Amino acid sequence: MTLTIVLLIAAFVLFFLWRRPVKNYTSLVSVPKTDILMQLYDLKCETFISGVQRPDLNFKKCDLVITHSAVLVFGYSGLMKHKLYVKPLIFHKAEAAPPYHSGLHIIPKKINLHSFENTVYIMFEVAGFMTATIDLRIFDVPEEARERMSFLITTS
């Protein structure tokens with residue numbers, strides 16, 4: 001009984017150490033401070049994944065960084081007061097890839113900045129062995145942030 005409890009606690013600690021707690025964005029993606037237009041913290045969000053399941057893209061909270069050429073989504077799960085970030089999502093237009101290297105570069109398939117009750121809806125695909133389609137909803141995004149994200153919308 002005691003051994004089982006010790007093993008469960010060890011597995012729990014190893015699981016969260018595997019995600020490596022990070023306290024700032026500079027160790028995830030090097031974004032020059034002059035490029036940052038706006039930062040939003042602790043936004044509620046949800047992801048719906050169809051196709052191949054991607055546990056690294058399943059998160060309930062995120063921090064949002066808006067730059068001149070990209071929108072960076074830093075999804076995380078919380079462990080007490082620490083944010084355990086997953087790989088950052090870097091949304092940009094096809095013709096303007098930003099110079100950020102350590103993240104998942106994504107060209108959104110669908111984006112709705114004026115969704116229901118200040119929610120931003122982004123649909124994108126992640127290719128790999130098989131494709132996964134992900135719907136990302138970010139809740140309670142202020143109007144100013146949604147206006148600054150409008151460069152992502154392509155008119156075709």
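The values are calculated or read from the model by the stated rules, or taken from the named source; none is laboratory data. Keep in mind it's a predicted model, so treat the numbers as computed, not measured. Cβ placement follows ideal geometry from the backbone for every residue including glycine, while neighbour counts extend to all protein chains displayed. Surface accessibility is based on the protein's heavy atoms, side chains included, excluding ligands, DNA and RNA. Shrake-Rupley method; radii C 1.70, N 1.55, O 1.52, S 1.80 Å.
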### Summary
Sole miss for M1 among (1) modelled with pLDDT under 85; (2) of a type in the set (A, V, I, L, M); (3) under 18 Å from K83 (Cα atoms) is condition (3)
### Query
Which residue pairs have Cβ atoms under 9 Å apart, sit 6 or more places apart or on different chains, and have a first residue in segment 113-136 that is at negative phi and among the β-branched types (V, I, T) and a second that is outside any strand (DSSP E or B) and open to solvent by 80 Å² or more (accessible area, probe 1.4 Å)?
T119/D140; V120/H114; I122/K109; T133/K109
### Message
Condition (residue is of a type in the set (D, E), open to solvent by 60 Å² or more (accessible area, probe 1.4 Å), more than 17 Å from F91 (Cα to Cα) and touching a residue at least 40 places away in the same chain (Cβ under 8 Å)) applied to segment 140-147: is it met by at least one residue?
### Response
yes
### Scope segment 83-107; condition aliphatic (A, V, I, L, M), closer than 17 Å to A127 by Cα and open to solvent by less than 10 Å² (accessible area, probe 1.4 Å); matching residues
L89, I90, I106
### Message
Looking only at segment 80-112, count every residue that is closer than 17 Å to Y41 by Cβ and touching a helix residue (DSSP H, G or I) at 6+ places or on another chain (Cβ under 7 Å) and tell me the total.
### Response
2
### Query
Are any residues in segment 69-82 touching a residue at least 40 places away in the same chain (Cβ under 8 Å), surrounded by fewer than 20 Cβ atoms within 10 Å (Cβ to Cβ) and either farther than 23 Å from E125 by Cβ or touching a Leu at 6+ places or on another chain (Cβ under 9 Å) (or both), and if so, which ones?
S77, L79, H82
### Subset of segment 29-42 that is in contact (Cβ under 8 Å) with a residue 24 or more places away in the chain and in a loop (DSSP other than H, G, I, E, B) - its residue that is least open to solvent (accessible area, probe 1.4 Å)
V29
### Message
Looking for something at pLDDT below 85, of a type in the set (A, V, I, L, M, F, W, C), open to solvent by less than 60 Å² (accessible area, probe 1.4 Å) and out of contact with any helix residue (DSSP H, G or I) (no Cβ under 9 Å at 6 or more places or on another chain) - is there at least one such residue anywhere in segment 43-52?
### Response
yes
### Message
Taking the condition of being open to solvent by 30 Å² or more (accessible area, probe 1.4 Å) and closer than 19 Å to F74 by Cβ, how many residues in segment 108-122 meet it?
### Response
2
